[in-house]
Amino acid sequence: MKNFDYNGIKVPKLGLGTWKSKDESCRKSVSEALEMGYRHIDTAQVYENEEEVGAGIQDANIPRSDIFLVTKVWRDKVGKSDLKNSVQQSLEKLKTDYVDLLLLHWPVDDVPLDEQLEALQNVQKEGLARLIGVSNYPVDLLEKVREELNVDIATNQVEYHPFLTQDKVLGYLKKHGMFLTAYSPLARGDVLENSTLKEIGLKYGLNPVQLSILWEYQQDNVVTIPKSEKVEHLKSNLEAIEKELSKEDMQKISELQSPK
Ligand code: NAP
């Protein structure tokens with residue numbers, strides 16, 4: 001598994017998304033994923049599955065320090081007094097003392113941005129999060145965070161897949177040595193029916209889901225977190241990263257995003 005190195009902290013370039021994973025199925029898929037080699041798990045307060053993610057991590061019996069665990073603070077918890085409390089509750093549910101990455105889930109207008117970031121930084125200083133970041137931020141807000149408020153964020157988690165390549169956001173993140181975390185990297189399953197992806201995939205023995213994962217994985221400064229609760233999907237998604245796409249095919253997939 002390749003990692004993205006952010007200031008010496010290794011971020012596995014393929015992770016497991018867990019939005020809509022619930023109950024026993026979530027717990028099982030997290031532990032199965034870890035057992036087969038995934039080392040990066042993405043959850044959020046609003047997914048209401050932190051308990052099950054934590055239980056799945058425990059079931060897998062893999063050293064905590066080998067796992068890159070991400071959670072996100074929901075919009076109503078970004079105020080100074082709420083944020084730390086909410087993170088402590090997340091950690092309790094996740095059955096761990098820290099997360100590797102803590103994100104502000106969405107931009108929020110009703111609490112000043114500097115206050116949200118100060119609360120996030122405080123939690124990081126206290127050791128509850130190794131890295132901090134944001135999600136769903138446009139470039140102008142990223143600029144405000146880094147250049148005006150001088151806050152060291154590692155990533156912006158945004159929707160990113162062969163039909164939506166977010167060139168502006170990725171360009172900004174690259175320029176500043178940060179990484180883009182690609183959410184809904186399979187376009188929530190829509191990549192499956194795309195004829196170009198099917199055709200390119202045939203050359204490599206990959207289905208469109210695997211091809212999309214590999215296309216994301218091979219890009220500099222991109223980390224991808226496809227979601228699956230099925231053991232056969234978890235396996236084939238992980239197997240995809242053993243192959244390598246040619247420059248030409250990488251480019252062809254990048255060009256899918258806008259009907260030309
Ligand atoms: P996604 O990963 O693009 O797609 C998930 C869908 O693809 C599921 O229905 C899954 O079904 C299916 N799938 C996975 N592997 C497959 C395979 N090999 N063959 C066929 N189908 C397959 O969608 P997503 O869940 O929206 O995004 C991924 C993660 O990003 C989320 O789970 C979450 O952690 C994160 N996210 C973050 C935000 C944010 O605001 N920051 C927003 C959305 C998502 P099965 O489970 O049946 O395999």
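What follows draws every value from the coordinates through simple rules; no lab data is involved. Bear in mind the structure is a predicted one, so any value in this text is a computation, not a measurement. Cβ atoms come from the backbone with ideal geometry, glycine included; neighbour counts cover every protein chain shown.
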Mind listing the long-range amide H neighbours of Val151? Cut-off is under 5 Å, sequence gap 5 or more, other chains count too, H placed in the peptide plane at 1.01 Å from N. Arg146
Just to be sure I understand: if I project the alpha-carbon convex hull of region 171-260 onto a plane and average over all orientations, what area do I get in nm²? 6.3
For region 138-221, the Rg and Dmax computed from alpha carbons only, in angstrom: 15.0, 48
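Compute and list, largest first, the equivalent-ellipsoid semi-axes of region 1-54 from the alpha carbon gyration tensor, each √(5λ) rounded to a whole angstrom.
On the way: eigenvalues 99, 34, 11 Å².
Those come to 22, 13, 7 Å.
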Expressed as cubic angstrom per residue, what is the convex hull volume of the alpha carbon set of the chain? 121
With at most 15 neighbouring Cβ atoms within 10 Å, loop GluC sites (Glu not before Pro) (DSSP) excluded, longest segment of the chain: 127-243
Only helices counted: for the chain, with every DSSP H run of 4 or more residues adding -39500 (n - 2.57) and the sum spread over all residues, [θ] at 222 nm is -12000 deg cm²/dmol
Note the angle between two axes, namely the Cα long axis of helix 195-204 and the longest principal axis of the Cα atoms of the chain, as a number of degrees from 0 to 90, rounded to the nearest 10. 80
Once Glu143 and His176 are pulled to full extension, the length gained, defined as 0.36 nm per residue separation minus their Cα-Cα distance, is 10.8 nm
With point charges of +1 on the Cβ of Lys and Arg and -1 on the Cβ of Asp and Glu, referenced to the Cα centre of region 1-87, which listed residue (Tyr38, Leu14, Gly79) lies farthest in the positive direction of the dipole? Gly79
Where the Cα pairs of region 1-121 fall when distances are cut into 10 Å bins, in %: 14, 44, 33, 10, 0
Descending Cα extents along the principal axes, region 68-120, whole Å: 31, 19, 16
To the nearest Å, what is the center-to-center distance of region 1-24 and region 169-196, using C-alpha atoms only? 14
Note the full-extension length gain between Lys125 and Glu199 as 0.36 nm times their separation in residues minus their Cα-Cα distance, in nm to one decimal. 21.7 nm
